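The values are calculated or read from the model by the stated rules, or taken from the named source; none is laboratory data. No experiment lies behind these values; they were computed from the predicted model shown. Cβ placement follows ideal geometry from the backbone for every residue including glycine, while neighbour counts extend to all protein chains displayed.
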Amino acid sequence: MADLTDQIPERISINLVVNGVRRTLEVVPWTTLLDALRDRLELTGTKKGCDHGQCGACTVLIDGRRVNSCLTLAVMKDGAEITTIEGLAKDGTLHPLQQAFIDHDAFQCGYCTPGQICSAAGLLAEGRARDADEIRELMSGNLCRCGAYPNIVAAIEQAMSRS
Amino acid sequence: MNNFQYSRASDVADAIRLLAADPGAKLIAGGTNLIDLMKENVERPSRLIDISRLPLRDIEETADGGLRIGALVPNSDLAYHPLIEQRYPLLASAILAGASAQLRNMASVGGNLMQRTRCPYFYDTTTPCNKRSPGMGCSALDGLNRNHAILGTSESCIATSPSDMGVALAALGALVHIAGRTGDRTIALTDFHRLPGDKPHIDTNLGSGEIITAVELPPQGFARNYSYLKIRDRLSYAFALVSVAAALELEGNAVSEARLALGGVAHKPWRSLEAEAALRGQAATPDHFGRAADLLLQGATARSHNGFKIELARRAIMRTLMQATSATPQSQSHKKIA
């Protein structure tokens, strides 16, 4: 068997500010941001659903914009600020979207919920949704196999009306 | 995903140098399609050249009154840019008809043009595919080809281009600016993508070692009479079965200028100058729209499962032209088709 040692690239050192905390880690280039968050930084709130950008469970905010972390290479985000579901609550108080999801029972199994809430946080920041139809359209990148959509839309409407 | 080397390009010239130095290298910007294809082992680059930090993110007015859009402008930033919303709403609408909010935040303009087909046989490395492995055959010809092309196909490939943005860009007469080892060049967007012919593994006319630097829009934006109608199996976040970009200039009820392009039906955005010429100088009526639809769909051929697309496309063209005429463009949020 050929010696592959010299074909394996060196790990690359990157800095990320994750939920306000500066983290330095060494990654191989093919590490996705999702895997770096879950397996290296032990932030397992961000979920791996399809791992192909089709379900939205891995949604996080990078420099305030919602993205699919499964289709993002960690090495490309050196220097970025990442916000995950673990970073939304402040000083022991839930983020208004987290509270709204509880108020409206906007989940069943809960697996898609961190991605739904991070995506909704991005949606609120974008300021493009004005009614339920627009919420539905602009949240279409987040699937819920339990079918909690009506309550998810209601929760986002509540958070939107109070923000 | 295969192991690969990673380089960050310092400028466009550096990206071109890095491409030349490693024939297995690929550029990466948003990565939304490339990383997915790497996870499926369809793409196996030896090196990724990260161009995401290059200064190609500006949207600037050109001397002739058009717009020059940097290749790295994210899809969402382009769709929501005030100049695009006001002057090229057809382009904004088409972009917002595609992908999801997250993907639009990541995906670049240049990457949108470089994305590959979503033909399931192209993705499935256990099945023959001439686009993935030239000469192996096409599994879609006699396979599940409901989503496949009806125009410009070959016996080698019936895959479709997945882009919505590209359909609007084709209708608007956009240009693609390219940099390479031998200098810069500009080609029409309609000449950028290729038909499959006997070389379906080559999607575009971008040369090896070349990089898209910008997309340019001509001054005419068709901001009043336009519509982008996308027909798909679910109402959002799905690729088109058929999509139509229509743009008209009207003088009273007479068409003085017309643009018409289809998505989801061919290996590239499908535009017919003949169909557009048939609309020019005519009244904006269903009769004339039908004639244009027939010309645009001339030569359409079906395989076993996609015959419905021909009539679907014809009706979608008619409807989109009516929406454009009445200045009631299809909403991408409120899904009722007016």
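What to note about this one:
- Contact map, segment B:311-337: first residue within 14 Å of another protein chain (Cβ to nearest Cβ) and on the phi > 0 side of the Ramachandran plot, second residue crowded, with 20+ Cβ neighbours inside 10 Å and assigned to a loop (DSSP other than H, G, I, E, B), Cβ cut-off under 9 Å, separation 6 or more or different chains; the map is empty.
- Scanning segment A:110-141 for residues that are within 8 Å of chain B (Cβ to nearest Cβ), part of a helix (DSSP H, G or I) and surrounded by fewer than 22 Cβ atoms within 10 Å (Cβ to Cβ) yields A:GLU126, A:ASP133, A:GLU134, A:ARG136.
- Criterion: within 25 Å of B:GLU249 (Cα to Cα), surrounded by 24 or more Cβ atoms within 10 Å (Cβ to Cβ) and of a type outside the set (A, V, I, L, M) - qualifying residue of B:TYR121, B:TYR88: B:TYR88
- Residue within segment B:4-19 that is more than 9 Å from every other protein chain (Cβ to nearest Cβ), touching a helix residue (DSSP H, G or I) at 6+ places or on another chain (Cβ under 7 Å) and closer than 19 Å to B:ILE202 by Cα present: no
- Looking across segment B:46-57, the residues that are surrounded by 13 or more Cβ atoms within 10 Å (Cβ to Cβ) and part of a loop (DSSP other than H, G, I, E, B) come down to B:SER46, B:ILE51, B:SER52, B:ARG53, B:LEU54, B:LEU56, B:ARG57.
- Those residues of segment B:93-148 which are on the phi > 0 side of the Ramachandran plot and away from every other protein chain (no Cβ under 14 Å), in sequence order: B:GLY135, B:GLY137
- Scanning segment B:176-184 finds no residues that are crowded, with 24+ Cβ neighbours inside 10 Å and either touching a Lys or Arg at 6+ places or on another chain (Cβ under 8 Å) or under 30 Å from B:HIS334 (Cβ atoms) (or both).
- The number of residues in segment B:275-319 that are hydroxyl-bearing (Ser, Thr, Tyr) and in a helix (DSSP H, G or I) comes to 0.
- Residue within segment B:32-45 that is polar (S, T, N, Q) and either in contact with an Asp or Glu (Cβ under 8 Å, 6 or more places away or on another chain) or outside any loop (DSSP other than H, G, I, E, B) (or both) present: no
- Members of segment A:78-108 found to be among the hydrophobic types (A, V, I, L, M, F, W, C), farther than 16 Å from A:THR46 by Cβ and either within 14 Å of chain B (Cβ to nearest Cβ) or in a loop (DSSP other than H, G, I, E, B) (or both), listed by number: A:LEU94, A:ALA106
- When each of B:ASP77, B:ASP22 is tested for being surrounded by fewer than 23 Cβ atoms within 10 Å (Cβ to Cβ), within 12 Å of chain A (Cβ to nearest Cβ) and at pLDDT 95 or above, the lone residue that passes is B:ASP77.
- Of the helices (runs of 4 or more DSSP H) that lie entirely inside segment B:58-165, those containing 3 or more residues that are over 17 Å from the mean Cα position of the chain (by Cα) span B:82-87, B:101-106, B:120-123.
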